[in-house]
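The values are calculated or read from the model by the stated rules, or taken from the named source; none is laboratory data. These numbers come from a predicted model, not from an experiment. Cβ: placed from backbone, ideal geometry, glycine included. Neighbour counts: every protein chain shown.
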Amino acid sequence: MAAGIPGSVRNTNPGWLKERHADFKNRSEHRQKLRPPMGEQMQVDFGEVKIKNLQGIPVKLWFITFVLSHSRYKFIHWQDRPFVTKDVIDAHELAFVYYGGMTRKIVYDQVICCLRVKTTAT
């Protein structure tokens, strides 16, 4: 018996699902129908990750991800500090240039997790 995670064959063999579910093709077609039309919507999400730099020192990186809802085409902007409003606007502009335009709607998720509020002394 092979060692590993139970069910790992199912995770690595897409044919397994097709063999056991006759309506697999119909499910895929159904998911396609649920996607918005091209150019209609983009999803934006923020995140952060800790990785080791070239010297082996752990560093924290922040990112913003743009995903076109129809094609699932992705653009990710990374930086070494939390996002402030200007960073978010700049990242949007970079994404629009990358995609060659902008969608009609933009859906945001987890905005508060990576925005830093700058305060100034008065």
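Tell me, yes or no, whether segment 38-57 has at least one residue that is out of contact with any Pro (no Cβ under 8 Å at 6 or more places or on another chain), modelled with pLDDT of 90 or more, farther than 30 Å from residue 93 by Cβ and hydrophobic (A, V, I, L, M, F, W, C).
Yes, because at least one residue in segment 38-57 is out of contact with any Pro (no Cβ under 8 Å at 6 or more places or on another chain), modelled with pLDDT of 90 or more, farther than 30 Å from residue 93 by Cβ and hydrophobic (A, V, I, L, M, F, W, C).
For residue 114, which of the numbered conditions (1) more than 24 Å from residue 34 (Cβ to Cβ); (2) modelled with pLDDT of 90 or more; (3) not aliphatic (A, V, I, L, M) fails to hold?
(2)
Does segment 48-62 include one or more residues that are of a type in the set (Phe, Trp, Tyr), surrounded by 14 or more Cβ atoms within 10 Å (Cβ to Cβ), in contact (Cβ under 8 Å) with a residue 12 or more places away in the chain and touching an Asp or Glu at 6+ places or on another chain (Cβ under 7 Å)?
The answer is yes; a qualifying residue exists.
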